[in-house]
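Quick notes on the structure that follows.
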2 protein chains.
Amino acid sequence: MIRKFTFGTPFNTGAVVRPEIAEEESASKLPFLTIVQNKVASRDDAGEDDSVIFSYRLPDEALVYGLGEQARGLNKRGWRYESRNTDNPFQNEGRTALYSSHNFLIIDGEERFGLFLDTPGYVEYDIGFTNYDELKITVKDGGFDLYLIEETSLTGICRALRRLTGASYVPPKWAFGFGMSRWDHKDADEIREVADRYRALDMPIDMMYLDIPYMDDYMDFTVSEERYPQFREFNAELAKKNIHLVPIVDAGIKKKEGYPVYEEGREKGYFCTKEDGSEFVVGVWPGASVFPDALNPEAAHWFGLQYKAYLDTGVEGFWNDMNEPSIFYTEDALQAAFRKVAEYEGENLDAETFFEMRDVMGGISNKTAYYKDFYHNVNGKKVRHDRVHNLYGSALTSAAGEALRELSPDRRTLLFSRSSMIGMHRNAGIWYGDNSSMFSHILMNLKEEMNANMVGFLYSGADTAGFGDQATPDIALRWLELGIFSPLLRNHSSRRLRRQEFYLFGMDEAFRGMLKLRYALIPYLYSEFMKAALRDEMLFQPLAFVYEDDERAKHIEDQAMVGEAVMIAPVYEQNAVGRYVYVPEKMRLFRFRSPEDYDTEYVEKGDYFIHVALDEVLLFVREGHALPFADTKGVLSTADLDYGKLKALKYDEAPVEYELYNDDGVTREIGEEKIRKIVL
Amino acid sequence: MIRKFTFGTPFNTGAVVRPEIAEEESASKLPFLTIVQNKVASRDDAGEDDSVIFSYRLPDEALVYGLGEQARGLNKRGWRYESRNTDNPFQNEGRTALYSSHNFLIIDGEERFGLFLDTPGYVEYDIGFTNYDELKITVKDGGFDLYLIEETSLTGICRALRRLTGASYVPPKWAFGFGMSRWDHKDADEIREVADRYRALDMPIDMMYLDIPYMDDYMDFTVSEERYPQFREFNAELAKKNIHLVPIVDAGIKKKEGYPVYEEGREKGYFCTKEDGSEFVVGVWPGASVFPDALNPEAAHWFGLQYKAYLDTGVEGFWNDMNEPSIFYTEDALQAAFRKVAEYEGENLDAETFFEMRDVMGGISNKTAYYKDFYHNVNGKKVRHDRVHNLYGSALTSAAGEALRELSPDRRTLLFSRSSMIGMHRNAGIWYGDNSSMFSHILMNLKEEMNANMVGFLYSGADTAGFGDQATPDIALRWLELGIFSPLLRNHSSRRLRRQEFYLFGMDEAFRGMLKLRYALIPYLYSEFMKAALRDEMLFQPLAFVYEDDERAKHIEDQAMVGEAVMIAPVYEQNAVGRYVYVPEKMRLFRFRSPEDYDTEYVEKGDYFIHVALDEVLLFVREGHALPFADTKGVLSTADLDYGKLKALKYDEAPVEYELYNDDGVTREIGEEKIRKIVL
């Protein structure tokens, strides 16, 4: 059952596609939550204190799930979180917000219910941070809809959210292959060379990503002639090898005379403006830039259609970045900072004054205050950005997704974004932004998969082996041992750091074994993914969602269920020779070094310390289950997978009926009719 | 066996006090290690490439211990570390250096040996970072001594290091009590109030720390008349309640006419200078400041004698901060930054140029380059700071420790420092600097205790509940459940963050239970600490050091042995209802909520998931062991502990002989003769 409670005048975020399945009720009838303050902010002019505040008493044993992309645990108790999309690469426990806002919570205690706040503005969730036994939600920046979801099961609550907000995005099958990325891969020759080296070592790969240097002076929808001469031919050359090029698209448009995208957008009034209607100029990668007005439907559609420039070269996949939006500086703030610093010169600075001065310049990037400095044109109405901030990247990417359906009606395109909200999950996937090569981030990655799935982002993943900081041979391998289960498997890293292509660590056999294992699993992963998308289910699930009556399973945050048949338990500590695993029912354990090299044993329900050598990964098959398993001999890309030669990983010898989803991997038409029952 | 190998002309760091126990050998006879480069740098003029590089092949199963204060694991394999003392509050996996340099390693593989590099300069340890199977050590910045230690046991190697470098510092017994600290405790009234609130809630406390605001304008050896009028009387008032005030002492001396410490130091030439002999001026807390020349023995002694100003008010404890030394800016760098920023103004900045400009100002603090800008006067010889950098805080604190022995010959003083090297462990303890209120830092804290003990810092501890970031009720409690075993137990936090006095979380009973448990354990902790100090042993030990033949114990990094009788296994995950524990031999498990409220059971050797409620702590007593346990009824400080009423925590009913060290807690004379055998 879904009930809708409206506060003030909500902004249409586009998240809800089936409003009819929610029953509208008066806010006075809101169950569970207490409204402790009801000063609905106006979208136009909200006072400091204007907000609606909800409170809920958390019993000791209650767990709280949800919020999608956040840097902490599955159970959200004991911290505060914000819906405030931000580009801040330090992902750690101290963070309250990352790039996305996913306003969905599940309270699982004496009472069980889900909560979806449909608002593009700021929300704070104090989940036992201030008072251990109180959940307090503060909604600012305008009216909103609150959807209250009651279902008997945890998965039921997630399913209901998806029914309300629409089915999840489905990428092409090749997007389940492995992709390599690096900020400073410098040109076509290097891209070719990296792909060839993987292939030469019998390591399968499907995608090469292009980060910002592929553009001409960081101008969206251009390609550097110097670094990628004859881009169309280059793309065709790689396509022949079943390698897909996946370029980045940034939110900011370079302010440059003669650059057609800028000139056309300016002419048509498609960019965000200052209050007086003048151009709002910020500094991002191309230097002085403007933002396409993602909340102006016409402007957003126009921006989406620009992707045609790349489609015309044969490209079929994209990643959208910098769309929180990230702002290195605003033109106005930069001028003010110069003036301010000059004022301090010659003064005798005490420490506090010095910090103030230092931070005027040092802290100039990504200030929340900038979001008050520019405006959108929403159906003719001027809306200040901060009131709708969290929707920006989501709206821009959704517009791209819709335009891509128009431009490529028969073939799916790959599209994922750094910033997102619920609703965008219909049009694109996400990656979790700029993580680091830290072992703790392997565990964070695992939790993110489950959290992202709850809010509909089935196609998602982290930068495997870590974006920031230095990767080591062992972290790359351990991380890949988790990444092989993630729909989006991409090795991506920052410039000026150690290179982390998997063939660089002197452990080719181990990395090859894991990459081959990934490809052996693709028939299962793709099938489970497609069924989850069709049925509004999750691919990655917490154990608590599957074993609801198991008290221990409730608190397991470092294992996951992947599809119907598999449990995983990655190693995420350096120098570990194994790890503890809670086995919630009798399972068959496979300890893989490669698809052909493994050992296996049965494990009863219980707790175990299980040895896992550096080149090994644990895969548990549930009792009575089986999964299809591809032969990977000679397989160098998803195109090489031979469904005629499927093998199986089975719990035991007994035949198992399995619903296999398969198709050509590119057609936009998907449906239950493509599922066939096979016996494994 | 200890052998000494000399490279070039070493700098006398004062670390080694018994050179005669090492046999001097020619570098050509160096066992185990291969010298891959032998360009010994000169202390005066080292070329870019001048360094001695050692290499060692690490067999797959070899572990590497050591390096003292570092942000990662017990086993150091798979990362690179630097000896390069630095003030950087982001303590995470990405770090290669913290505040201290402890140049001691143990290689534990087919071959087992210890390695102590006696050098004040830069060292890099690549421990399987670049190549998984290679240890590579690069020593720069001048000649040095390498001590090679061969002993059969891991503890034997640590003991040998201590014999070579001297016995560990011993604080007064009251320093084993609980201490409360907060950057912005603002004045005497607040200090009194905080102490009183603890006491009123029957929560024992022995120390109130004074952070920088207690000084007059951040001038060392002064007290603010405004905030602490009649400081001597205030101190006496608290002393009557058995509360010790522990003020902070920073490295930088305010450059201010009329400030006697500055004027006297300048007159005598006791401050660091630029190359031309002029004053080297930096910005730290007092604004423009100078550094006492810690490497000029006369200057260092003079600085140490300044502590008399506080001793005269009745103070008997100090913490030395900012002594890496931390540098917010140098006067020269600040002027250059102003000029540089002005140059950029009006230019059309592309992203890279913008970052450059932003970082000129934003990245001005604690640049390594500053260490080339100033000089020490070492026995009449000018030595550039960067060549001896890591010794600075250590030398300054050791000088203070020595002066305090002179000034207070009969009574011990409490002294600990943020920056340190091996050698300083004879004169002071350490805390691990600016950690954060993160669950991952509880585990880091546990590892730090063991790592610090290996290099002789027995009196050590972390800021319990975390210095930076927001503390939550549960992190404060979980952290205290580790802190109660740490010799230095201090709750300290930064300004502008949520207050974290333990009585503020609405969980008084749980916090009281843990604080009381701490005091119940003091007879054991003090006794084990004193015996470890007398016998050159460790108080906190890895399981691997105690159960050398146990393959599993080798890889346990989240449990510790505390003294001869106890194993601990703290919970360091939020919302956890328990944790996995490896029990290496049959033990008796106590699950404490307070000294009186616990349950207990026997656990056989093996792996367990053990439930631990939020208000509980696990304490395992080894078979055949017992520990003294104080009655804490009415106990509000260490002075209230009644050794006449000692109880015992015992493995079983059988009487156990225990060596109890006790004394008046303040006398400087300590010795084996104060140990008496008691039967528990």
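The values are calculated or read from the model by the stated rules, or taken from the named source; none is laboratory data. Everything quoted here is computed from the prediction, not taken from an experiment. Glycine gets a Cβ as well: all are built from the backbone with ideal geometry, and neighbour counts include every protein chain shown. Only protein heavy atoms, including side chains, enter the accessible area calculation; ligands, DNA and RNA are left aside. Shrake-Rupley method; radii C 1.70, N 1.55, O 1.52, S 1.80 Å.
Points worth noting:
- Per-residue surface analysis assigns A:Thr600 an accessible area of about 60 Å², computed on protein heavy atoms at 1.4 Å probe radius.
- By the rule of a C-alpha distance below 18 Å, with chain neighbours fewer than 8 residues away ignored, the aspartates and glutamates paired with A:Lys29 are A:Glu111, A:Asp145, A:Glu150.
- Per-residue shielding of A:88-101, expressed as the average number of other chain Cβ atoms within 10 Å of the residue Cβ, stands at 2.
- Based on Cα atoms of the stretch B:377-451, Rg over Rh with Rh as the Kirkwood radius reads 1.08.
- The Cα center of the stretch A:434-504 and the Cα center of the stretch B:275-342 differ in position by 43 Å.
- Projecting 7 Å from Cα along the Cα-to-Cβ direction, the label point of A:Glu669 sits 9.9 nm from its equivalents in the other copies, listed shortest first.
- Violating pairs (Cα-Cα greater than 30 angstrom) within the set B:Lys39/B:Lys76; B:Lys4/B:Lys586; B:Lys241/B:Lys447; B:Lys254/B:Lys382; B:Lys173/B:Lys633: B:Lys4/B:Lys586; B:Lys241/B:Lys447
- Stokes-Einstein diffusion coefficient of the protein assembly as shown, Kirkwood radius over Cα pairs, 25 °C, 0.890 mPa s, in µm²/s: 74
- Residue mean of other protein chain beta carbons inside 10 Å, B:333-345: 3
- Sparse-neighbourhood loop sites, GluC sites (Glu not before Pro) in the stretch B:177-257 - DSSP loop, at most 11 other Cβ within 10 angstrom: B:Glu225, B:Glu226, B:Glu257
- For chain B, relative contact order (Cα pairs under 8 Å, six or more residues apart, normalised by length) works out to 14 percent.
- When Rg and the Kirkwood radius Rh are both evaluated on Cα atoms of the stretch B:1-156, their ratio Rg/Rh stands at 0.94.
- Pairwise centroid distance, computed over Cα atoms, of the stretch A:167-181 with the stretch A:17-43, Å: 37
- Scattering profile of the stretch A:168-251 at q = 0.17, 0.20, 0.25, 0.26 Å⁻¹ [log10 I(q)/I(0), Debye over alpha-carbon scatterers]: -0.69, -0.93, -1.32, -1.38
- Pairwise centroid distance, computed over Cα atoms, of the stretch A:135-165 with the stretch B:378-422, Å: 60
- Neighbourhood charge, 11 Å Cβ-Cβ cut-off, centred on B:Lys605 and excluding it, Lys, Arg +1 and Asp, Glu -1: -3
- Amide H to amide H, with H built 1.01 Å from N, A:Thr119 comes under 5 Å of no residue 5 or more places away or on another chain.
- Inter-copy label distances at B:Ala369 (7 Å, Cα→Cβ; nm, one decimal): 2.8
- Heavy-atom accessible area, probed at 1.4 angstrom with all protein chains present, ranks A:Arg162, B:Arg159 as B:Arg159, A:Arg162, highest first.
- Applying the criteria of a DSSP loop state and at most 14 other Cβ atoms within 10 Å to the GluC sites (Glu not before Pro) of the stretch A:558-653 yields A:Glu596, A:Glu604, A:Glu623, A:Glu653.
- Kirkwood hydrodynamic radius of chain B, Cα pairs, Å: 25.8
- When only alpha carbons of the stretch B:205-356 are considered, Rg and Dmax amount to 19.5, 66 Å.
- Nearest-to-axis residue of chain A, judged by beta-carbon position, where the axis maps A onto B, in Å: A:Gly362, 1
- Per the Kirkwood formula applied to alpha carbons, the stretch A:323-364 shows a radius of gyration over Rh ratio, Rg over Rh, of 1.08.
- At q = 0.12, 0.14 Å⁻¹, base-10 log of I(q)/I(0) for the stretch A:310-407 (Debye sum, equal scatterers on each alpha carbon): -0.61, -0.73
- Counting only protein chain heavy atoms and rolling a 1.4 Å probe, the accessible areas of B:Glu347, B:Glu509 rank, largest first, as B:Glu509, B:Glu347.
- Highest mean packing first, where packing is the average number of other Cβ atoms within 10 Å per residue, the peptides A:116-124, B:142-150 line up as A:116-124, B:142-150.
- All Cα pairs of the stretch B:536-680, percent lying beyond 23 Å: 43
- Label spacing, shortest first and in nm, from B:Asp45 to its equivalents in the remaining copies (7 angstrom along Cα→Cβ): 7.3
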